[in-house]
Amino acid sequence: MKKIILYTIAISSFLVSCSVDDWLTVQPEDTLSKDEMFESKQGFYDALYGIYTKTRNNYNHNGFLMSDFIEHLTSQWEFETGTPIEDIANHEYGLLDGQLSSIFRSQYESIANINVMLEYLETQDFLSNTDYSLLKAECLGLRAWLHFDLLRLWGPTPARVNATKKYLPYVTVLGYERTLPVTYNEFVTVMLKDIDAAETIFQDVPTYTRYRLGKWGVLGLQARINLWLGNKEKALNYVESILEFIESDEEETFKLGNLDNIGIKDYRFVKEHLFGINVNFESVLFRNSLYKTTEHLNELYEYSGSDIRLELWEDRNVNGLNEPAKNPLKYTGTEEGSVSVVRLSEIYLIGMECADLERANQLYQKFSQARGIAFVEITSSNQLSEILQKEYRKEFIGEGVLFQFYKRTDVTRMPGTTKICNDDCYVLPLPRKEINVNG
């Protein structure tokens, strides 16, 4: 296996000041001369591989933004009292600075690597138009995605945006330049510029690979981002574009998972992955400390004997636990595979939320059929909201999606908890290492 670690750019320091001169410094420290790295087509693709390798810090099957930290924020897993996990579940962020710093730093390091590559893409003269376009689209899409995930954690709840407050930097430059935090609208404007540019390029040079960001992953991210921003009509347009392709695609590139997938041990429903990250499930085992009790699973799935998602779990013994428990099967295996970042089932749920009731029922009927649950006609917006919350809880365990849903919809009490949630829950504090109070 290639030691691509040699090709990544290390970032030596970050500084987010909370004074009037707030800024983020991104300082590169080369482990290999950038000029050498980007002197060939292979060098560019090696660097891209290095970017994906770096993102796995937060997005592998045990990653902070996949199954670990962000899922504990929504109490998706069981935990013991008096442990650090309880602090996460209770949103006691003052006790979690180390984890917050790790997530924050890793995101911006990946962004810095992307910015290096984008800089060299504009100065090279040997790549074909196709390679140049694909690499640029992928980098711009990745930069938008990584910034969006920073926004959904450290940014404001969409219902309570302070138009004048400067929240986070949107980093598009590399070096010693000062990158100022910007307002929510300024951040969003640049993010949309990146993801729109990626979409435009991919329309002309379409590509798809399950382990990288391509055209359909970008469209899926567009649906997710625009729903977050309240642009429901635009989000629905992206949903319909994806579904229109699926309905006409004879090769069935994408397809909702059903009972047949479980029969062939496809527990991750791989054909649902519009965008995924490649991981090795044999070399990095899923943490068996991430589990649910059988009782809580049965409650979650409403004691349905037909819901196929109940078949996506295996029994495990937990020391000190006097009741049956289960681990998810989707992160087991002895080979490499895709961990989902954007999945087709989310596209159906986004469509249900954005469409009129007639279209919402059509989408829900298809979703219900695939999951083996009884279809109940949706007749009101309140009923739709209840169904969506239930399905997000059932569907995305270990995928880092539920916190985003709760924050976007401003849920005041997360199911399974007693705490009233507000910005103290939903807006993470900047890591202390990133803060410098100037006198």
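Just so you know, all these numbers are worked out from the coordinates, no wet-lab data involved. Please read these numbers as outputs of a predicted model, since none were measured by experiment. Please note: Cβ atoms are built from the backbone with ideal geometry, for glycine as well, and neighbour counts cover all protein chains shown.
Quick one: which residues, 5+ away or cross-chain, put their amide H under 5 Å from the amide H of residue 214? H built at 1.01 Å from N.
Residues meeting the criterion, in which the H sits 1.01 Å from N, are 209.
Mind listing the long-range amide H neighbours of residue 255? Cut-off is under 5 Å, sequence gap 5 or more, other chains count too, H placed in the peptide plane at 1.01 Å from N.
Sorted by chain and number, the residues that satisfy this are 272.
Restricting things to alpha carbons, tell me how big region 251-308 is in terms of Rg and Dmax, in Å.
14.5, 40
Under 17 Å from a point placed 7 Å out from the Cα of residue 285 along the Cα-to-Cβ direction: which residues of region 324-363 have their backbone N that close?
326-336
Which ³J(HN,Hα) values in Hz, rounded to whole numbers, follow from the phi angles of region 243-259 under the Karplus curve 6.51 cos²θ - 1.76 cosθ + 1.60, where θ = phi - 60° and Gly and Pro get x?
So the Karplus estimates, Gly and Pro as x, are 5, 4, 5, 4, 5, 9, 8, 5, 7, 6, 4, 10, 6, 5, x, 9, 4 Hz.
Against the longest principal axis of the chain, how steep is helix 97-121, in degrees 0 to 90 to the nearest 10, with axes from Cα atoms?
Tilt of helix 97-121: around 50 degrees.
Output the Cα-based Rg and Dmax of region 208-343 in Å, rounding Rg to one decimal and Dmax to a whole number.
17.3, 52
Using modelled backbone amide H atoms (1.01 Å from N, in-plane), which distant-in-sequence or interchain residues come within less than 5 Å of residue 275's amide H?
Here the answer is 341, 342, since their amide H atoms fall under 5 Å of that of residue 275.
Give or take rounding to whole Å, what are the principal axis extents of the alpha carbon atoms in region 80-229, in descending order?
So the three principal-axis extents are 57, 35, 28 Å.
If region 101-143 were replaced by its equivalent ellipsoid, with semi-axes equal to the square roots of 5 times the Cα gyration tensor eigenvalues, what would those be, largest first, whole Å? Can you show the working numbers first?
Working: eigenvalues 122, 21, 5 Å².
Taking √(5λ) for each eigenvalue gives 25, 10, 5 Å, largest first.
Using the Cα gyration tensor of region 176-284, with a ≥ b ≥ c the square roots of its eigenvalues, what is the shape: rounded (a/c below 1.5), prolate (a/b larger than b/c) or oblate (neither)?
Details: a/c = 2.15, a/b = 1.54, b/c = 1.39.
Verdict is prolate for region 176-284.
Would you mind checking the radius of gyration and Dmax of region 344-422 based on alpha-carbon positions, in Å?
Expressed in Å, the Cα Rg and Dmax of region 344-422 come to 12.8, 36.
Going highest first, how would you order 204-215, 394-405 by mean Cβ packing within 10 Å?
Ranking the peptides 204-215, 394-405 by packing returns 394-405, 204-215.
Rank by packing, highest mean first: peptides 98-105, 136-143, 195-202, with packing defined as the count of other Cβ atoms within 10 Å averaged across residues.
On the way: 98-105: 18.4, 136-143: 24.8, 195-202: 20.0.
The peptides rank, most packed first, as 136-143, 195-202, 98-105.
Can you pull the one-decimal nm distance between simple spin-label points at residue 299 and residue 49, each 7 Å off the Cα toward Cβ?
4.7
Sorted from largest down, give the three principal axis spans of the alpha carbons of region 363-408, whole angstrom values.
27, 23, 13
Can you list, largest first and rounded to whole Å, the semi-axes you get for region 283-439 by taking the square root of 5 times each eigenvalue of its Cα gyration tensor?
Values: eigenvalues 156, 129, 57 Å².
Value: 28, 25, 17 Å, ordered largest first.
Against the globular-protein guess of 2.2 N^0.38 Å, express the Cα radius of gyration of region 35-104 as a ratio, rounded to two decimals. Don't skip to the end; give the middle numbers.
Details: Rg = 17.2 Å, N = 70, 2.2 N^0.38 = 11.1 Å.
My calculation over the Cα atoms of region 35-104 gives 1.55.
Using only helices, what value at 222 nm comes out for the chain when you add -39,500 (n - 2.57) per DSSP H run of length 4 or more and divide by the total residues, to the nearest 500 deg cm²/dmol?
-14500 deg cm²/dmol
Relative to the longest principal axis of the chain, what angle (0 to 90°, nearest 10) does the C-alpha long axis of helix 41-59 take?
It works out to around 50 degrees.
Output the 0 to 90 degree angle, nearest 10, between the alpha-carbon long axis of helix 357-371 and the longest principal axis computed from the alpha carbons of the chain.
80
Go through 94, 331, 378 and say which Cα lies farthest out towards the positive end of the charge dipole of the chain; charges sit on Cβ, +1 for Lys and Arg, -1 for Asp and Glu.
Value computed over the given set: 94.
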